[in-house]
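Engineer: Have a look at this one before I ask anything.
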């Protein structure tokens with residue numbers, strides 16, 4: 001591993017003993033795992049944890065842990081033709097390599113195709129994921145087509161935000177944006193022209209989204225601003241009671257603690273790359289005081 005500057009980036013471990021890189025800055029700390037390039041924690045100075053991690057999250061080798069910011073690539077949801085492959089692709093269960101430590105502080109992790117990835121998705125690629133801790137938290141996922149044939153992929157930064165009380169949270173900025181609702185029992189009286197409020201299972205995929213979205217949670221927690229570049233899709237998700245009770249790595253009542261707002265390019269808005277082309281998806285998270 002690259003020599004770490006111990007005053008700003010240190011190696012620690014998660015509850016399962018798996019390696020984590022801890023970024024330490026004047027405005028807080030963040031922790032990112034080599035498994036899955038998974039951001040598991042972001043603590044803002046003077047405040048508490050901003051990301052939700054389930055109390056039942058698994059930290060076994062090769063297992064994606066529920067919560068934080070999992071990296072979804074190269075497909076979103078279930079694979080289109082193979083039911084034997086895990087949902088959301090192999091990036092979140094692959095071991096990434098530390099390639100660079102930079103100012104901010106920041107770390108860049110890389111994942112390249114190998115025999116195992118090509119058995120699931122037959123393309124050559126280079127994925128780079130940079131996590132930067134400054135006034136807020138910035139994560140950037142870039143994909144390069146290193147092969148001789150074009151390909152199309154899906155991606156998402158599947159962010160679990162800790163909101164304290166889901167029924168008091170709302171999402172602003174997606175008013176009048178086209179979406180498809182995939183929840184089996186969504187709220188019957190939701191207004192697509194207004195902010196998103198939560199009173200039932202929510203699983204919406206928005207397409208053609210703006211570059212700024214705001215998550216408002218309990219007033220004491222303030223607001224979270226999401227700014228993106230290179231993202232055409234957004235997913236707003238909470239499993240609610242029945243689905244949460246049937247999910248792995250989640251306590252029955254933990255649906256009350258988080259909202260997922262995912263920055264993505266998925267379904268009809270997947271990314272196509274010719275040989276040698278690169279695409280970057282950037283997400284900047286900033287904590288705002290209540291207004």
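Engineer: Test residue 209 against the criterion of being on the phi < 0 side of the Ramachandran plot, within 21 Å of the chain's Cα centre (by Cα), crowded, with 16+ Cβ neighbours inside 10 Å and assigned to a loop (DSSP other than H, G, I, E, B), and give yes or no. Steps first, answer last, please.
Structural biologist: Values: on the phi < 0 side of the Ramachandran plot: yes; within 21 Å of the chain's Cα centre (by Cα): yes; crowded, with 16+ Cβ neighbours inside 10 Å: yes; assigned to a loop (DSSP other than H, G, I, E, B): yes.
Yes: the conditions hold for residue 209.
Engineer: Residue 30: assigned to a strand (DSSP E or B), surrounded by fewer than 16 Cβ atoms within 10 Å (Cβ to Cβ) and modelled with pLDDT of 95 or more, yes or no?
Structural biologist: No, not satisfied.
Engineer: From (1) within 12 Å of residue 236 (Cα to Cα); (2) at pLDDT below 95, pick out the condition that doesn't hold for residue 187.
Structural biologist: If we test residue 187 against (1) within 12 Å of residue 236 (Cα to Cα); (2) at pLDDT below 95, just (1) comes out false.
Engineer: Further, regarding this structure: Of the residues 253, 203, only one is farther than 30 Å from residue 135 by Cβ and buried (at least 18 other Cβ atoms within 10 Å of the Cβ); which? Walk me through it before giving the result.
Structural biologist: Working: 253 fails: buried (at least 18 other Cβ atoms within 10 Å of the Cβ).
One residue alone meets the criteria, 203.
Engineer: Quick check on the range 179-191. Is at least one of its residues touching a residue at least 24 places away in the same chain (Cβ under 8 Å) and buried (at least 18 other Cβ atoms within 10 Å of the Cβ)?
Structural biologist: Within the range 179-191 (the criterion being touching a residue at least 24 places away in the same chain (Cβ under 8 Å) and buried (at least 18 other Cβ atoms within 10 Å of the Cβ)), the answer is yes, since at least one residue qualifies.
Engineer: A further question on this structure: Determine which member of the set 99, 119 is within 21 Å of the chain's Cα centre (by Cα) and not in a loop (DSSP other than H, G, I, E, B).
Structural biologist: Criteria check complete, one pass: 99.
Engineer: Which of the residues belonging to the range 225-244 are closer than 18 Å to residue 51 by Cβ, in contact (Cβ under 8 Å) with a residue 40 or more places away in the chain and out of contact with any helix residue (DSSP H, G or I) (no Cβ under 9 Å at 6 or more places or on another chain)?
Structural biologist: Selection gives 225, 226, 227, 228, 234, 235, 236.
Engineer: Still on this structure: When the range 33-56 is examined, which residues are found to be more than 17 Å from residue 224 (Cα to Cα), in a loop (DSSP other than H, G, I, E, B) and touching a strand residue (DSSP E or B) at 6+ places or on another chain (Cβ under 8 Å)?
Structural biologist: Hits for the range 33-56 are 34, 36, 37, 38, 54.
Engineer: Out of the residues in the range 57-75 that are assigned to a loop (DSSP other than H, G, I, E, B), out of contact with any helix residue (DSSP H, G or I) (no Cβ under 8 Å at 6 or more places or on another chain) and in contact (Cβ under 8 Å) with a residue 60 or more places away in the chain, which is nearest to residue 287 (Cα to Cα)?
Structural biologist: Of everything passing the filter in the range 57-75, 68 is nearest to residue 287 (Cα to Cα).
Engineer: Turning to a different aspect of this structure: Restricting attention to the range 247-269, does a residue exist that is over 22 Å from residue 177 (Cα atoms) and in a strand (DSSP E or B)?
Structural biologist: Looking through the range 247-269, at least one residue is over 22 Å from residue 177 (Cα atoms) and in a strand (DSSP E or B).
Engineer: Is it true that residue 149 is over 27 Å from residue 7 (Cβ atoms), outside any loop (DSSP other than H, G, I, E, B) and either at pLDDT 95 or above or more than 20 Å from the chain's Cα centre (by Cα) (or both)?
Structural biologist: On the way: over 27 Å from residue 7 (Cβ atoms): yes; outside any loop (DSSP other than H, G, I, E, B): no; either at pLDDT 95 or above or more than 20 Å from the chain's Cα centre (by Cα) (or both): yes.
It is false that residue 149 is over 27 Å from residue 7 (Cβ atoms), outside any loop (DSSP other than H, G, I, E, B) and either at pLDDT 95 or above or more than 20 Å from the chain's Cα centre (by Cα) (or both).
Engineer: Sticking with this structure for a sec: Against the definition (at pLDDT 95 or above, surrounded by 14 or more Cβ atoms within 10 Å (Cβ to Cβ) and not in a strand (DSSP E or B)), how does residue 231 come out, yes or no?
Structural biologist: Numbers: at pLDDT 95 or above: yes; surrounded by 14 or more Cβ atoms within 10 Å (Cβ to Cβ): yes; not in a strand (DSSP E or B): yes.
It is true that residue 231 is at pLDDT 95 or above, surrounded by 14 or more Cβ atoms within 10 Å (Cβ to Cβ) and not in a strand (DSSP E or B).
Engineer: Next question. Is it the case that the range 10-20 has a residue that's outside any loop (DSSP other than H, G, I, E, B), within 14 Å of the chain's Cα centre (by Cα) and either surrounded by 13 or more Cβ atoms within 10 Å (Cβ to Cβ) or modelled with pLDDT of 95 or more (or both)? So that I can check it myself, show each step before the final result.
Structural biologist: First pass over the range 10-20, keeping only residues outside any loop (DSSP other than H, G, I, E, B): 10-13, 19-20.
Narrowing the set further to residues that are within 14 Å of the chain's Cα centre (by Cα) leaves none.
No, the range 10-20 contains no residue that is outside any loop (DSSP other than H, G, I, E, B), within 14 Å of the chain's Cα centre (by Cα) and either surrounded by 13 or more Cβ atoms within 10 Å (Cβ to Cβ) or modelled with pLDDT of 95 or more (or both).
Engineer: Restricting to the range 152-165, count the residues that are under 14 Å from residue 224 (Cβ atoms), surrounded by fewer than 20 Cβ atoms within 10 Å (Cβ to Cβ) and at pLDDT 95 or above.
Structural biologist: 1
The values are calculated or read from the model by the stated rules, or taken from the named source; none is laboratory data. Just so it is clear, the model here is predicted, and its values are computed rather than measured. Glycine gets a Cβ as well: all are built from the backbone with ideal geometry, and neighbour counts include every protein chain shown.
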